[in-house]
Amino acid sequence: METPKHPLPPGAGSGGHRRCPFRRQGASNGIPQEGGESLHQLLEAFLSAGRVDHIAMVMGLHPQYLSIFWKTQYLLLRMDGPLPYHKRHYIAIMAAARHRCSYLVGLHMGEFLQVGGDPAWLQGLHCAPQKLRNLNEINKLLAHRPWLITKEHIEALLKPGEDSWSLAELVQALVLLTHYHSLASFVFGCGIKREEDQDVGNGCWAPSPHSNSRAASDGSMGGSGGTDAIQELEVLMERMKLLQEHQLEEEGVTQEEMATRFELQKTESLLVPSSDILDPSLQSNIRCFLEDPEFGYKDFTRRGEQAPPTFRAQDYTWEDHGYSLINRLYPDMGQLLDEKFQVVYNLTYNTIAMHCGVDTSVLRRAIWNYVHCVFGIRYDDYDYGEVNQLLERNLKIYIKTVACYPEKTTKQIYTQSWRHFKHSEKVHINLLLLEARMQAALLYALRAVTRYMT
Amino acid sequence: MDENLLATAATNGVVVTWNLGKPSRNKQDQLFTEHKRTVNKVCFHPTEVYMLLSGSQDGYMKCFDLRKKDSVSTFSGQSESVRDVQFSIRDYFTFAATFENGNVQLWDIRRPDRYERMFTAHNGPVFCCDWHPEDRGWLATGGRDKMVKVWDMNTTRAKEIYCVQTIASVARVKWRPECKHHIATCSMMVDHNIYVWDVRRPFIPSAMFEEHKDVTTGIVWRHLHDPYFLLSGSKDSTLYQHIFKDASQPIDRANPEGLCYSLYGDLAFAAKESLISSDSNRKPYIGDRRHPIFFKRKLDPTEQFEYISSSSALSVFETDVESGSMDWFVHTAKQYALAGRPLAELCDHNAKVAKGLDRNQVAQTWTMLRIIYSSLGTVSSTNLNHSMGKGSTALPLMNSFNLKDIPAGLGSESRLDRSKGESRTENILMDSSSTLINNEDNEETEGSDVPADYLLGDVEADEDDLYMMDHENPHAEEQEYSLPQEAFPLRHEIVDNPSALDHLQDKADSPHVSGNEAETVSLTPVESFSLISISHSLYENRLPSDFFNPIVRDTLLFYAEQGDVQTAVSVLIVLGERIRKEIDEQTQEHWYTSYIDLLQRFQLWNISNEVIKLSTCRAINCLNQASTTLHVNCSNCKRPMSNRGWICDRCRQCASMCAVCHHVVKGLFVWCQGCSHGGHLQHIMKWLETSSHCPAGCGHLCEYT
């Protein structure tokens, strides 16, 4: 496996011309069509932050989402809230460091200093106040194994004392942590590169990834792969249609079978190679924000171990429970998150690669539920057999890598999955991953908070 | 109706019916697997045994006939998830469905193609609804937005007639049988209680059941016509049957009295009528200056509250205009200088302000503070000189510190009268406190070994000496000329910063006069520190100002106790670090909030902001960090501007242009209220100096004041 490097350096546009067959589709769907709106969004982002970072530029492919994403992040970092500004950025740094995301760490180190944070804290976690250090445990769990969070963790943080957290502060911190964990997934998943000017500080038109075609990655798969890929695509289309038409083809599926399928999905996710080797090239400026760096994602269904009980989605849903709790403790945030989840879940252009007018809802749901499945959340009303039919193995590897250990994402797995999809569509998947992952972690965290409160 | 028939819905989308009358162990009757997603609700028709309705997450509602294998009809909610379905009790064919996006739809079961009507009921998902058992058109809905709303469907547009705000998202609503306005609710998060509301009284539940230890998942009244039994199930794995008379009634614990002071000393008091009528004869605290006014709410005879007697009386006691005047407060607030200059100057300035408003006690305090904290060296040496001059007389006096000595020493009847008159304004509001203090004074007097000949003042002095002392100072100054031999040196020195020459003269004074001097130093009962300082200065030349901290602290506490937080806070700010540690953070915060509150009620925004800025309390400083957003609407298209105050995203125009220089105004923007043209503050000021017409050329004669 390659060491994690940014799969798509902005300069890698050599194959750009080869994507000609798809370019027209790109034009009819992706960027130029909403170019006006997208530009407007970027302008907005630029005005409020003074710069347009690469994240915003990549997300700009989906302006509808970018807008709500910005609002949320703006509220989270710059508007009224229980935590002081510098601590918010520090928490962002802590969260991004968990995934060794130097891009986000760098970004927020700058911001941290800008809002008047103490430069000494940046020397490492050991220099930060105890209160923030206490957050490390929950940060670690949320990043890698959110299902382990219990009400005892919450209790420990809220226990009255010198460095105790208030409930409102904690909820903001939880949102911040999950936001930045999943944003790290997005950064790695899309191969967002550090802005070259990040230290210089101007210039919003650093070469954006979308200007050099992502689809140009055909370059790495050779001619023969092309036909394979097209076949794969056809098969996928066929299956989606089938699923939509005969959703009840197998009437006799019992509850037990459904449960088994979920377990199967969980077990199958083991197939994804998970190398436990710690990256030796880990930059020291990130390492200092890490305690217990070996702690990482671990499949919970390893043989011979007591698996933690499955989280049944209907027991604690975002719409009913999560929203109510967040809105109570962090006003406005619930509303924005709710909107963000909805936008991303319903986002569609009814296209798949070169096909138009396709209902992609089954596919999107499969991806969403697969991410939740990887984190141990199960939907009673979902047939996990669909995941297998719709998501080919390479895509599953990609999804799981990005969602669980994004730092191990390589260009190879990026290009190997969904070879015929447009760049904007891959970004779309990444958005789904980002939000699904965030919701999963938030649900675990909020459930713990609820249990603490009752 | 079939008592043995039961229907359940499952998260995996299955609807099952059970027949409890079945002889076999498996009571399962029918199984419908038509829904693709979680089924949120099933509902039997109120009169048709075999008709069952289901609503699911997949956006469909299905009507089943239990005699058939499949659904009879399907209703599509356009892919919005259905949270609740409910057959109307009165209209045979109608049912209501609530949706995740906040909508409520009414359907006719005979027409599956299209809903009859739709309206938006809540912001966010509507979790539940319930038709009123008697009133045909009433539908209650509960949503995630923590509201319970009652809709009247008889009109062409659904009209919201009642709205109850609860403390958590509403999971279930159920009308109480036989009670037209009562409705029971429970929540799915955080709050475990079941409330029964009277919708006409939405602020306090009329009954409350608190048994459950975890969230309540379902509630139902046991019988259609029995309003006294309520069943509830909960996540704490218990099922309760509540009897209505067991319910706790929050109204009993609510405080039915309200009391509020106005800015000008008026007092409003609302209480139960019965309470007022019995007490009204006494009127113990109503002086002749206060005129009680009574308001009474008339009971609407049509309204019949069962548990509440809601009649209450409101009395307002007005203070007369003059005594209630708070002008001194406003003036003081405006004129005080709190920062930006050396301490001595601040104190002097503030003393002058206080004296200008005839608040001599306060003025005196400021002067004292200046002496203690800034010109320490000179003063203590002065004191030393003094005490030496005084000789032995000073010492016994120090031990027997007595307030009354002061009027005695000053010994002028006319002054007493005057000061009495002057002090009236302040006196009135503090009547009780001053009496209290006087009592203390009297106690101190007892057992004092002060020679009687010092007590020249008459008995009247007793009552007013506290205030008289406030006014001592100006008289003292006057007396400087009329009674040169008494020459109150220390007083003089405080006000005028005397030269050393004065002291030499002082020294020549006779010892019994210097005894008086010692007392005059103790101008006010609280400022006894000056006395003590003298005594100590006998032994030490220079005292660290820390030494006085406890006394200053007591002074501040005294002022705050008297209701004059203004002085307390101002001193606190001026002295800053010098005194801050002496007073515990909470008291400080309390003073600050009270003072800021007062300032804001007098609409002295700038001053209150200054106080907030200067305060050293963390909690107070934070006040300015909250809600710092200013929302601006574009002057062209009237829409809110989202990003910046000067350029509108929609019409792409600069909203606030300066009429003089035609550039965008990014800082202070001033505009004429007549023609609404304006621009940079500086530009407009300059323009209107030379011209009286609007710079925009609209012809309006703008005024700038």
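If the condition is being surrounded by fewer than 17 Cβ atoms within 10 Å (Cβ to Cβ) and touching a helix residue (DSSP H, G or I) at 6+ places or on another chain (Cβ under 8 Å), then segment B:344-355 contributes B:ALA344, B:LYS352. The requirement of being modelled with pLDDT under 70 and under 30 Å from B:SER615 (Cα atoms) is fulfilled somewhere in segment B:316-329, by at least one residue. How many of the residues in segment B:42-70 are in contact (Cβ under 8 Å) with a residue 24 or more places away in the chain, away from every other protein chain (no Cβ under 13 Å) and assigned to a loop (DSSP other than H, G, I, E, B)? Residues in segment B:42-70 being in contact (Cβ under 8 Å) with a residue 24 or more places away in the chain, away from every other protein chain (no Cβ under 13 Å) and assigned to a loop (DSSP other than H, G, I, E, B): 5 in total. Restricting attention to segment A:330-344, and to residues there that are free of Cβ contacts under 8 Å to residues at least 24 places away in the same chain and within 11 Å of another protein chain (Cβ to nearest Cβ), which single residue is farthest from B:ASP145 (Cα to Cα)? Looking at residues that are free of Cβ contacts under 8 Å to residues at least 24 places away in the same chain and within 11 Å of another protein chain (Cβ to nearest Cβ), I get A:GLN342. The set of residues in segment A:138-155 being assigned to a helix (DSSP H, G or I), of a type outside the set (S, T, N, Q) and surrounded by 15 or more Cβ atoms within 10 Å (Cβ to Cβ) consists of A:ILE138, A:LYS140, A:LEU141, A:LEU142, A:ALA143, A:HIS144, A:PRO146, A:TRP147, A:LEU148, A:LYS151, A:HIS153, A:ILE154. Checking the structure you have, find out if any residue of segment A:106-117 is within 14 Å of chain B (Cβ to nearest Cβ) and under 25 Å from the mean Cα position of the chain (by Cα). Looking through segment A:106-117, none of the residues is within 14 Å of chain B (Cβ to nearest Cβ) and under 25 Å from the mean Cα position of the chain (by Cα). Could you list, in sequence order, the residues of segment A:331-366 that are assigned to a loop (DSSP other than H, G, I, E, B) and not aromatic (Phe, Trp, Tyr)? Scanning segment A:331-366 gives A:PRO331, A:ASP332, A:LEU347, A:THR348, A:ASN350, A:ALA353, A:MET354, A:GLY357, A:VAL358, A:ASP359, A:THR360.
Within the set A:ILE138, A:ILE154, A:ILE149, A:ILE55, the sole residue that is away from chain B (no Cβ under 14 Å), farther than 26 Å from B:ARG618 by Cα and at pLDDT below 85 turns out to be A:ILE55. If I filter segment B:4-16 for residues that are more than 13 Å from chain A (Cβ to nearest Cβ), surrounded by fewer than 19 Cβ atoms within 10 Å (Cβ to Cβ), free of Cβ contacts under 8 Å to residues at least 60 places away in the same chain and not in a strand (DSSP E or B), do I get at least one hit? Looking for residues that are more than 13 Å from chain A (Cβ to nearest Cβ), surrounded by fewer than 19 Cβ atoms within 10 Å (Cβ to Cβ), free of Cβ contacts under 8 Å to residues at least 60 places away in the same chain and not in a strand (DSSP E or B), one finds at least one in segment B:4-16, hence yes.
Residues that are outside any helix (DSSP H, G or I) and within 14 Å of chain B (Cβ to nearest Cβ) do not occur anywhere in segment A:391-410. Listed by position, the strands (runs of 3 or more DSSP E) inside segment B:108-218 whose residues that are within 14 Å of chain A (Cβ to nearest Cβ) number at least 3 are B:126-131, B:170-175. Annotation note: Cβ proximity below 8 Å between a residue of segment B:655-666 that is of a type in the set (Lys, Arg) and a residue that is assigned to a loop (DSSP other than H, G, I, E, B) (sequence gap 6+ or interchain) occurs for B:LYS666/B:GLY645; B:LYS666/B:TRP646.
The residues of segment B:17-41 that are more than 11 Å from every other protein chain (Cβ to nearest Cβ) and either surrounded by fewer than 12 Cβ atoms within 10 Å (Cβ to Cβ) or within 21 Å of A:ASP383 (Cβ to Cβ) (or both), listed by number, are B:LEU20, B:GLY21, B:PRO23, B:SER24, B:ARG25, B:ASN26, B:PHE32.
The values are calculated or read from the model by the stated rules, or taken from the named source; none is laboratory data. The structure displayed is predicted, hence computed values, not measured ones. Methodologically, a virtual Cβ is constructed for each residue, glycine included, from the backbone with ideal geometry; neighbour enumeration extends over all protein chains shown.
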